[in-house]
1. In the stretch B:184-213, which residues are part of a helix (DSSP H, G or I) and either farther than 25 Å from residue B:81 by Cα or out of contact with any helix residue (DSSP H, G or I) (no Cβ under 8 Å at 6 or more places or on another chain) (or both)?
2. Would the stretch B:123-132 turn up any residue that is touching a Phe, Trp or Tyr at 6+ places or on another chain (Cβ under 8 Å), buried (at least 20 other Cβ atoms within 10 Å of the Cβ) and not hydroxyl-bearing (Ser, Thr, Tyr)?
3. Based on this model, can you work out whether residue A:170 counts as touching a residue at least 60 places away in the same chain (Cβ under 8 Å), under 30 Å from residue B:134 (Cα atoms) and surrounded by 17 or more Cβ atoms within 10 Å (Cβ to Cβ)?
4. Hey, among B:135, B:155, which residue is surrounded by 19 or more Cβ atoms within 10 Å (Cβ to Cβ) and at negative phi?
5. Do you know which residues across the stretch A:24-43 are in contact (Cβ under 8 Å) with a residue 40 or more places away in the chain and hydrophobic (A, V, I, L, M, F, W, C)?
6. Does the stretch A:128-143 contain any residue that is assigned to a loop (DSSP other than H, G, I, E, B) and either more than 9 Å from chain B (Cβ to nearest Cβ) or under 23 Å from residue A:70 (Cβ atoms) (or both)?
7. Restricting the search to the stretch B:22-74, which residues are touching a Pro at 6+ places or on another chain (Cβ under 9 Å), under 24 Å from residue B:90 (Cβ atoms) and in contact (Cβ under 8 Å) with a residue 12 or more places away in the chain?
Amino acid sequence: MIRRAWAVARKDMLIEFRSKVALNQVIPFALAVLLTFGFALDTRDRLLAEIAPGLFWVVVLFSSLYLISRSFRVERENSAMEGLVLYGVDPMAIFLGKLAALAVQMFVLEAVAAAGIAVLFNPPVGSLGLLAISAVAATLAIGSIGLVYGALSSSEHSGESLLPLLVIPVLAPIVISAAKCWSDAESAGTGIYDPWLKIVAIFSVVFLAVGAAAFGPAMED
Amino acid sequence: MTSTLLRKAVGVTSLLLVAATVVMGLFVTPPDVVQGNLARLLYVHPPVAWVAYLAYGVTSIASGLYLWRPTRSLKWDRIAVASAEVGVVFTGLTLVTGSIWGRPAWGVWWTWDARLTTTAILFVLYLGYLALRRIPLSPEVRAKRSAVAALIAFIDVPIVHESVVWWRTLHQGATVATLGANTKVHGIMAWTLLLGFIAFTMVYIWMAMVRYRVETMSAELEATQFEAWEAERLAESTTGDEAIGRLLDPSPGVQSDQGVARR
């Protein structure tokens, strides 16, 4: 199964490597949103630095929706997903493979967005470890819930505009806890022993499990 | 026929019960010591919120029964959607009546209290569920996908609630939610509250029954329409060998038309 998951992940990464949709469209979009926050919220440095953690996760969540849509658009062309199912690929392998590819793209997105925030809003950074670990956990949660809803709303008609409505409320706990983690990481504080990190980790495990369990039924029609 | 009769009986009963709640709530019960007439919202707001939770509970059970193969039947899907729609209406009502109560009692329309925030997310979650059902798909595929979505929403609600509780409590002290309503309710007020619960539960049952009926009828209509179209096409093809002939070998008239069009 690992081998098949790897094949799916490799396929998705290869598509991205050749088409560069994430690189040329989604990441610039994230940067544009960061600039817009700057305009909309005025350029009072203190304020922007204070709310930077929340802004970061909003930007990441919204931009990820494009990556998730994209991840299913490539499967819809030529009914590629049906092909995978007919080959007898375990839905779990498809899930893990797509999650891996999505997570890699999201990590790049997050790194760029974080760099953008660091430069534009100049927030203090107390604990890089806390930032990184909570980002990994939150990314897996966003990715797995996103994939399930991507499969659920995948259709010829109007599915893509529906995805945000479905995903955003479900992921409210992740946005809350990840933003709190990042807030705490601004001050040195407790470092990676932050209580919110535990909460992010627990939610992440729950959402991964829900995603893995629901992806099969959501995908096979 | 009996089901129609039952539905009407439930409808009339729920109407009478709501009317009784209105009379009891507005005229018979005394105003509250602390909140005055404002406390009369007690007979509406908690029952409405209870119905919302009840409706989502029913949706979740029906969705689970649809996903479980031995009980798989589109009947469960119809129950799920009927209940979810009523649930969304009642969640909306919960938010509205809560806001109306909150404004004079707390001084704000909205506060980021755990229960309020969870209810708001619940509202959006199930709006998404209903929107998901609008994607044109075959009934079976739609039923399956929406059942998965309903169950994820059901699992998500306690997680959202916990996260919001932590969000507030790890951040600041107790919130305002412990006001007013916690004073003991007794006597005629308690009976009216109970009446309110029964009345709105009956309203829910009635609305869900009607909605279920509508869902069944639209499924039937779709099926008969499909049959009608099928019959039409079959009729066309049997009446005319020439119809087939025309398709295979275009007549001179058609050709000249095309000629005109080309020019």
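The values are calculated or read from the model by the stated rules, or taken from the named source; none is laboratory data. Since the structure is predicted, the reported quantities are computational estimates derived from the model, not experimental observations. Because the Cβ atoms are built from the backbone with ideal geometry, glycine has one as well, and the counts that use them run over all protein chains shown.
1. Going through the stretch B:184-213, the residues part of a helix (DSSP H, G or I) turn out to be B:188-213.
Within the stretch B:184-213, B:188, B:189, B:190, B:191, B:192, B:193, B:194, B:195 qualify.
2. Going residue by residue through the stretch B:123-132, those that are touching a Phe, Trp or Tyr at 6+ places or on another chain (Cβ under 8 Å) are B:126.
Checking which are buried (at least 20 other Cβ atoms within 10 Å of the Cβ) leaves us with B:126.
The next check asks that each one be not hydroxyl-bearing (Ser, Thr, Tyr); those that pass are none.
Among the residues of the stretch B:123-132, not one is touching a Phe, Trp or Tyr at 6+ places or on another chain (Cβ under 8 Å), buried (at least 20 other Cβ atoms within 10 Å of the Cβ) and not hydroxyl-bearing (Ser, Thr, Tyr), which makes the answer no.
3. On the way: touching a residue at least 60 places away in the same chain (Cβ under 8 Å): no; under 30 Å from residue B:134 (Cα atoms): yes; surrounded by 17 or more Cβ atoms within 10 Å (Cβ to Cβ): yes.
Spelling it out, it is not the case that residue A:170 is touching a residue at least 60 places away in the same chain (Cβ under 8 Å), under 30 Å from residue B:134 (Cα atoms) and surrounded by 17 or more Cβ atoms within 10 Å (Cβ to Cβ).
4. Values: B:155 fails: surrounded by 19 or more Cβ atoms within 10 Å (Cβ to Cβ).
Of B:135, B:155, the one residue that is surrounded by 19 or more Cβ atoms within 10 Å (Cβ to Cβ) and at negative phi is B:135.
5. Kept after step one, since they are in contact (Cβ under 8 Å) with a residue 40 or more places away in the chain, are these residues of the stretch A:24-43: A:25-27, A:30-31, A:34-35, A:38.
Listed by number, the residues that qualify are A:26, A:27, A:30, A:31, A:34, A:35.
6. From the stretch A:128-143, those assigned to a loop (DSSP other than H, G, I, E, B) are none; that's our starting set.
No: the stretch A:128-143 contains no residue that is assigned to a loop (DSSP other than H, G, I, E, B) and either more than 9 Å from chain B (Cβ to nearest Cβ) or under 23 Å from residue A:70 (Cβ atoms) (or both).
7. At the first step, the residues of the stretch B:22-74 found to be touching a Pro at 6+ places or on another chain (Cβ under 9 Å) are B:35, B:37-40, B:67, B:74.
Keeping just the survivors that are under 24 Å from residue B:90 (Cβ atoms) gives B:35, B:37-40.
Selection gives B:35, B:38, B:39, B:40.
Rundown of residues vs (1) modelled with pLDDT of 90 or more; (2) surrounded by 15 or more Cβ atoms within 10 Å (Cβ to Cβ), yes/no style:
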position	(1), (2)
B:15	yes, no
B:37	no, no
B:48	yes, yes
B:77	yes, yes
B:91	yes, yes
B:95	yes, yes
